[in-house]
Protein chains: 4
Amino acid sequence: MNKDWPYITPGLPDGMFSRVDGVPMTGEEVRTVMLAKARLARGQVIWDIGSGTGTLSVEAARLARDSTVYAIESKPEAVRATAANVAAWELDNVRVVSGAAPGALRDLPAPDRVFIGGSGGRLVEIINLLADRLQPGGRLVLSAVTVETLQAALQTLVPPIWQREIIQLAVVRERSLGRSHLWQARNPVFLITAWRE
Amino acid sequence: MNKDWPYITPGLPDGMFSRVDGVPMTGEEVRTVMLAKARLARGQVIWDIGSGTGTLSVEAARLARDSTVYAIESKPEAVRATAANVAAWELDNVRVVSGAAPGALRDLPAPDRVFIGGSGGRLVEIINLLADRLQPGGRLVLSAVTVETLQAALQTLVPPIWQREIIQLAVVRERSLGRSHLWQARNPVFLITAWRE
Amino acid sequence: MNKDWPYITPGLPDGMFSRVDGVPMTGEEVRTVMLAKARLARGQVIWDIGSGTGTLSVEAARLARDSTVYAIESKPEAVRATAANVAAWELDNVRVVSGAAPGALRDLPAPDRVFIGGSGGRLVEIINLLADRLQPGGRLVLSAVTVETLQAALQTLVPPIWQREIIQLAVVRERSLGRSHLWQARNPVFLITAWRE
Amino acid sequence: MNKDWPYITPGLPDGMFSRVDGVPMTGEEVRTVMLAKARLARGQVIWDIGSGTGTLSVEAARLARDSTVYAIESKPEAVRATAANVAAWELDNVRVVSGAAPGALRDLPAPDRVFIGGSGGRLVEIINLLADRLQPGGRLVLSAVTVETLQAALQTLVPPIWQREIIQLAVVRERSLGRSHLWQARNPVFLITAWRE
């Protein structure tokens, strides 16, 4: 059982999660760095917008058992994937919210931390909502795998409202190919961390 | 005070550590991924060979207060940097060992986890020693920034003794340059995780 | 003498050019790929906007002796660097134009090929001018090392006026460091090639 | 017809070549940089060991019509692909050699330039042969996409016999995905250029 996983560091191996075809999963290295950039603490309200497979929600909930994670997801198969992974890890501090942001966010408690892994093309509206609702000291961590998401983040997460850090993270992995081993690239991810000062 | 840092996720910002000129410091993203690959648990013996500035030792000790971290380092200024950072974070579960591996490792308790950030050109001997002394279920995480270290790891960490995973991690960061912002690359790091089965 | 360089492939080694402190020089691999993306032919008018050290102008002029290259540059020390490199390679088909784009472009013959290595913060105006003046079948190759240039290109080089290809090119080089060799990263460059259809 | 392609810069678009399933093709950016590193001149003997689809042979032969390119390839379908691409570009200075290196190399004239894109696991023997047969002033350009090839090159292409330059080249491309655009990575390639001094 997943609940018996004895290790305390985040960055759970990708193989510890159920996958669903067509539902993207953030790789373990990127997920680890997103959790670090978020600076999780005890007792936080965490939104995971576009939870996909639910891996970030699971890791955040596991690290901070007295925090509450809201996993917001609009695709039915991804909602099911998130729920399945939350159940497999026996976590009782994740609420799976079926619906599209920003609409689905309006009734949730104001967040201390926000992950955005998917925005259904409505990133600017979501960021505008966060400019109002993010708690003092709050942080936003956004992963961009598309040109459009990067572009929207570059335009929107700007002073004087937002301070930001942007990194691009690229992972290459040794992978077996017959008797030899290939250097195999994953697509790079831009990670934008933003906060208000 | 560093001890008041309230966040529970690893990947402390680089700025939270004292630096010493000429003593290399693993960047926060690479350090975060190394901690994840190590799969830390409670009650472990951890060796941090070539501790440099001591950032990995600090993070490992902070995450697992009932584990004991041995920070092994041969350069006097790096020994001092490690000790200073351990003190600033008020950690009582780090032992700073001044000396060169593999000699300095012989009297230490057998490790559950080993980080290798520097080997003074004696990586093959160190890995041979670890083949004997690493505890069952143990894991080794090695960061290679030089061609020679990568080459030694590729040759030595092989079946049937070792199983391994290799990734290359490359981080690019948005950095201010006058009124504009540059995409600035850090040197890539190869991370080799190895275990016995 | 440079004129005796016997090789016909582009991508002249960086060491074959005079450098000036503070004047950026595109590395040889990026320059090579820019020349390829430009698809140079005989008898073209080529603009090299922000010629910097003049390396692209030299290579383009050397490859196509019956083409004319206009090297446009606003910084006096870069104008001198361009002129010095053109002289060292004994090229008579480069015109060095001292002035800032887009103003300095207005009296030049309409281009078949345009390189943009620097725009003095006026990239959008320059691209608007090119939308008028680029010859049928013309091509534009832009190198972006800053976030702002990438952002301006993403917004401006769009259908229905422009078709585009974007790549990011990252080069890591083995470099001597004492007795060992480091994997050293150069900053990544985004190369945007655009044409009208 | 390909012969009517009017452009003089190397780095032909990948789409200008016939592909065969299972026969790897070096991407245009990597091919361009390999041609640059080779420093082609007039009147050379060029070996293209493991010619694959034949793209390097075609480009080299097209750039230097009075050079002779020997395309050596052991897989029948790749031999056919090379021959088909040579024919499509109407080149009469490429000899397609069906056979495995190093055996198939023994009767060929001594080379001025050597590309190695594939070695069938016999890279060390091939390099040993080249140490004897490469002409004075000769150059070798090797592309490594596997861990094993990189490792063999790091061990073999060393002083005092060989001088070398190693780069890693990573290309990310904007690619359409529905209505948005993905940053898509190609696998990185290590390019090792070696010469005798």
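Every read-out reported here was derived from the displayed coordinates using simple, explicitly stated rules and does not represent laboratory data. Predicted model only: the values in this text are computed from it and were never measured. When we count neighbours, we look across all protein chains shown, and the Cβ atoms used for this are built from the backbone with ideal geometry, even at glycine.
Observations on the structure shown:
- Cβ neighbours within 10 Å from other chains - mean over C:36-46: 4
- For A:9-17, mean number of other protein chain Cβ atoms within 10 Å: 4
- Of all chain D residues, the one whose C-beta is nearest the axis that brings D onto A, in angstrom: D:ALA185, 2
- Magnitude of the charge dipole, the protein assembly as shown, Cβ model with Lys/Arg +1 and Asp/Glu -1, debye to 20: 0
- Antiparallel content of DSSP bridges confined to chain A, in %, to 5: 50
- Average beta-carbon neighbours from other chains, 10 Å sphere, peptide A:187-197: 2
- If you wrap the range C:15-195 in the convex hull of its Cα atoms and look at it from every side, the mean projected area works out to 10.4 nm².
- What separates the D:SER180 label point from its copies, with the point 7 Å along Cα to Cβ, is 2.7, 3.6, 4.0 nm, written shortest first.
- Evaluated with a Cβ-only charge set (Lys, Arg +1; Asp, Glu -1), chain B carries a dipole of roughly 200 debye about its Cα centre, given to the nearest 20.
- In nanometers and ordered shortest first, the copy-to-copy spacing of the C:ASP92 label point, defined 7 Å from Cα toward Cβ, is 3.4, 8.5, 8.9.
- With helices as the sole contributors, chain B gives -8500 deg cm²/dmol at 222 nm; each DSSP H run of n ≥ 4 counts as -39500 (n - 2.57), and the sum is divided by every residue.
- Reachable aspartates and glutamates from B:LYS37, criterion Cα separation under 17 angstrom, eight or more residues apart if same chain: A:ASP14, A:GLU28, A:GLU29, A:GLU59, A:GLU174, B:GLU28, B:GLU29, B:ASP48, B:GLU59, B:ASP112, B:GLU165, B:GLU197
- Put simply, when D:17-26, A:67-76 are sorted by average Cβ atoms within 10 angstrom per residue, most first, you get A:67-76, D:17-26.
- Between copies, C:PRO6 shows label-point distances of 3.3, 6.8, 7.3 nm, shortest first, with the point placed 7 angstrom from Cα along Cα to C-beta.
- Percent antiparallel among DSSP beta bridges (both partners in the protein assembly as shown, rounded to 5): 55
- Contact order relative to length of chain B, as percent, for alpha carbon pairs under 8 angstrom and 6 or more apart: 18
- Each 20 Å bin, from zero up to the one with the longest distance, holds this percent of the alpha carbon pairs of the protein assembly as shown: 15, 44, 34, 6.
- With Cα atoms defining each centre, the range C:33-82 and the range A:166-197 are spaced 35 Å apart in the structure.
- Förster radius 25 Å - calculated FRET efficiency between D:ASP66 and C:ASP14 (Cβ-Cβ, nearest 0.05): 0.30
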